[in-house]
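Scroll down for the structure; my scribbles are underneath it.
The values are calculated or read from the model by the stated rules, or taken from the named source; none is laboratory data. Source: prediction; values computed, not measured. Cβ atoms come from the backbone with ideal geometry, glycine included; neighbour counts cover every protein chain shown.
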């Protein structure tokens, strides 16, 4: 009985999370975009930016990054001047710290 009582009152471990701080939206074709997230310190995160089922965007600034101060990770990139107008998806994965999906509009 004592073990059951201790299990009930013991705090649950904190869930791993990735939280959105900011995403640039809308972005004009040819313009600069950015996204910032916060997660656990010492996390390594990857990003994938894509439109629908098209292949992910490949451009400088969209590589794997480690967290900075307070667990913040930020990516900045330039959209192609002929980028498809519409809603683009951003998928961010930070391993065991979790993942996040958000989107932005290209005009």
**OP:** Test residue 17 against the criterion of being within 17 Å of the chain's Cα centre (by Cα) and at pLDDT below 95, and give yes or no.
**Re:** yes
**OP:** Name the residue, out of 67, 59, 24, that is surrounded by 14 or more Cβ atoms within 10 Å (Cβ to Cβ) and at pLDDT below 95.
**Re:** 67
**OP:** Within segment 70-90, count every residue that is more than 15 Å from residue 36 (Cβ to Cβ) and either within 10 Å of the chain's Cα centre (by Cα) or surrounded by 14 or more Cβ atoms within 10 Å (Cβ to Cβ) (or both).
**Re:** 5
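For segment 29-49: of the residues being in a loop (DSSP other than H, G, I, E, B) and surrounded by 14 or more Cβ atoms within 10 Å (Cβ to Cβ), which is modelled with the highest pLDDT?
31
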Original post:
Looking at 52, 61, which one is assigned to a loop (DSSP other than H, G, I, E, B), closer than 20 Å to residue 38 by Cβ and over 10 Å from the mean Cα position of the chain (by Cα)?
Top reply: 61
